[in-house]
Structures are given as structure tokens and as C-alpha cells.
Amino acid sequence: MKQNTHKSRLYNYLQSNSITSKDAFIHLGNADLQGTIRDLKEMGIGIVTKDIKVPTRYSKKDGSTKYAYVREYSLKDSLKD
């Protein structure tokens, strides 16, 4: 894998962290996380996808917080060692 590309930066980041699209944009400048994840999977890198529930900035009519689900990606445990 070439150095200093979206794929290499994401792979290095995933070795110690999980990531969401927001994290990828903020920390890596990657606006197409799903595409980069697909490329890594095609290279044979094991990536786990999990849907996580996060609060939004919106509220329901009763004042309680609205939630949304976002995708979180991480490396399979066997590759972190």
C-alpha cells in the first residue's frame, strides 16, 4: 500500500481506533469513508461494521433527544495484535 494515501492513513488510524464518517472527515480529511473502507476490504483487510446509536441536535415534541444510527468501522481483532 502506498504511503500517505486515504487508504494508508485510514488503515493506520484503525490499528488503534474505531472510526465513523464524522471522525474520518475531521481527523483524516476523508469525505468518502465508505469508499475507502470498500477499497481496504477488497485488499483483504478484515473490517468490522457496527451500527451505533448517537444523539442528534434535534428534539422530539416531548423535549427528549432524537437519536440516529451511524456506521462505525474497526479492524477485526486478529489484525490488531
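The values are calculated or read from the model by the stated rules, or taken from the named source; none is laboratory data. Just so we're clear, the structure is a prediction, and the values are computed from it rather than from any experiment. Here the Cβ is made from the backbone with ideal geometry for all residues, glycine too, and neighbour counts use every protein chain on show. Note: accessible area is taken over every heavy atom of the protein model, side chains too, but ligands, DNA and RNA are not part of it. Shrake-Rupley method; radii C 1.70, N 1.55, O 1.52, S 1.80 Å.
What to note about this one:
- Taken over region 15-25, the criterion of being open to solvent by 60 Å² or more (accessible area, probe 1.4 Å), closer than 18 Å to Ala68 by Cβ and either in a loop (DSSP other than H, G, I, E, B) or out of contact with any Leu (no Cβ under 7 Å at 6 or more places or on another chain) (or both) is satisfied by Lys22, Phe25.
- Asp62 among the acidic types (Asp, Glu), in a loop (DSSP other than H, G, I, E, B), exposed (fewer than 13 other Cβ atoms within 10 Å of the Cβ) and at pLDDT 95 or above: yes
- Which numbered condition Ile45 fails, given (1) outside any loop (DSSP other than H, G, I, E, B); (2) touching a residue at least 12 places away in the same chain (Cβ under 8 Å): (1)
- Residue within region 26-41 that is of a type in the set (Lys, Arg), out of contact with any Pro (no Cβ under 8 Å at 6 or more places or on another chain) and in a loop (DSSP other than H, G, I, E, B) present: no
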